[in-house]
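These notes are about the structure you will find just below.
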Amino acid sequence: MKAAVLHGKEDIRIEEVPERPLEPGEVRVRIEAALTCGTDLKVYKRGYHAKMLTPPCVFGHELAGVVTETRDVGHGTPGQGWSVGERVVAANSAPCGECFFCGQDQPDLCDDLLFLNGAYAGSIVIPARIAAKNLLRLRPGTSFRDAALTEPLACVVQGIEDLRLRAGEQVLVLGAGPIGLFAVALAKDAGCEVTVAGRGEERLALARRLGATRIVDMAGREDLVDAVRSSLPTTRHDVVFEAVGKPSAWEAAVSLVRKGGRVNLFGGCPGGTSVTFDTTLIHYSNLTLLASFHHTPRTIRRALGWIEAGTVRAADFVGGEAGLTELPELFRSMATGNRAVKTFVDVHR
């Protein structure tokens with residue numbers, strides 16, 4: 001089959017890759033929808049990901065499709081219960097269920113998270129652990145494009161749940177990329193008043209459609225604190241959800257929340273960077289600082305629930321389409337400023 005193979009920094013090649021035989025408990029899925037992701041873009045720019053992949057390797061992790069082959073676990077033990085023809089969505093990881101953190105109900109911090117990549121290909125083998133814990137059946141009416149949003153949305157579900165939002169709260173979202181826009185949709189659904197500070201005319205228009213009542217357009221501006229305070233001088237933010245992933249945005253988030261407020265430093269900053277916080281502000285304002293990471297089997301299921309309820313739809317987030325052979329050029333354009341929220345990749349052309 002044809003697949004996108006990452007060979008290193010900004011080096012994606014479309015190659016013929018053999019389909020390996022299944023191991024016990026594994027499931028093969030024909031990919032019907034694959035989506036681009038900001039994490040994939042970071043990996044493309046960096047050339048690797050310390051936790052998830054080492055080149056040369058297949059690439060991509062947001063997918064949905066159809067089961068085409070299964071293999072029982074053997075030794076008289078029943079398989080995972082999957083049948084050929086079932087429509088499914090797979091998460092990109094699964095926890096071990098046995099380490100200290102899994103025992104503390106923190107499976108997102110599992111010492112042995114098993115990761116899955118290879119969405120930019122005709123098919124993918126779902127490892128037995130992921131097939132058992134994080135492969136989900138779709139309802140008959142759920143589109144593959146919608147379902148492929150499950151994994152990134154699950155990460156935001158984790159972040160929003162950690163914040164314990166209450167109806168009527170003022171939520172400020174920093175960043176209007178896919179993660180920030182997911183946060184807008186979930187915060188609005190929780191009954192909050194949402195403000196977004198970000199860039200991109202189309203992205204900010206989408207933020208309004210998803211329920212943001214106030215917009216701070218950061219075009220031509222770098223100082224988040226000054227931009228928000230000058231645009232919204234009387235607004236107190238109960239919660240700030242940071243979805244930019246820069247040290248300056250982390251620092252701004254802490255400065256923009258009210259006394260007693262909560263901040264989720266959600267965006268991952270580049271490795272080796274650091275931030276400086278005003279300790280007096282944090283202490284005497286009694287701030288709560290969080291930094292949510294990844295997802296869990298529970299938030300994967302909750303995310304698919306939001307999607308199948310229509311709260312989050314691919315029609316809002318997926319703005320372009322490309323064939324698999326066009327993927328190298330697509331990532332080059334993303335690296336140089338393509339502002340599409342997400343792009344659907346047709347892996348069969």
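Rule-based calculations on the coordinates, nothing more; no lab input. Computed from a predicted structure; not experimentally measured. Reconstructed Cβ throughout: ideal geometry from the backbone, glycine too, with neighbour counts over all protein chains shown.
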Return LYS342, LYS246 ranked ascending by Cβ neighbour count within 10 Å, so the fewest neighbours appear first. LYS246, LYS342
What percentage of all Cα-Cα pairs in the stretch 156-290 are separated by more than 24 Å? 19 percent
With N residues in the stretch 1-58, what two-decimal value do you get for its Cα radius of gyration over 2.2 N^0.38 Å? 1.25
How far is helix 297-308 tilted, in degrees, relative to the longest principal axis of the Cα atoms in the chain, given as a value from 0 to 90 rounded to the nearest 10? 80 degrees
Distance between the C-alpha centers of the stretch 313-349 and the stretch 137-165? Whole Å please. 20 Å
Volume in Å³ per residue [convex hull over Cα atoms, computed for the stretch 254-311]: 131 Å³
If you work out volume of the Cα convex hull per residue in Å³ from the coordinates, which of (i) 125; (ii) 156; (iii) 137 do you get? (iii)
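List, in the order given, every pair from LYS51/LYS188; LYS51/LYS259; LYS2/LYS42; LYS9/LYS133; LYS133/LYS342 whose Cα-Cα distance in the structure shown is over 30 Å.
Listed pairs above 30 Å: LYS51/LYS188; LYS51/LYS259; LYS9/LYS133.
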What share of the DSSP beta bridges in the chain is antiparallel, in percent to the nearest 5? 55 percent
When ranked by the protection proxy of mean other Cβ atoms within 10 Å per residue, highest first, what sequence do the peptides 273-285, 290-302 form? 290-302, 273-285
Using θ = phi - 60° and the Karplus curve 6.51 cos²θ - 1.76 cosθ + 1.60, what whole-Hz ³J(HN,Hα) does each residue of the stretch 81-97 get, with Gly and Pro shown as x? x, 8, 10, 4, x, 6, 8, 9, 10, 10, 6, 8, 6, 7, x, 7, x
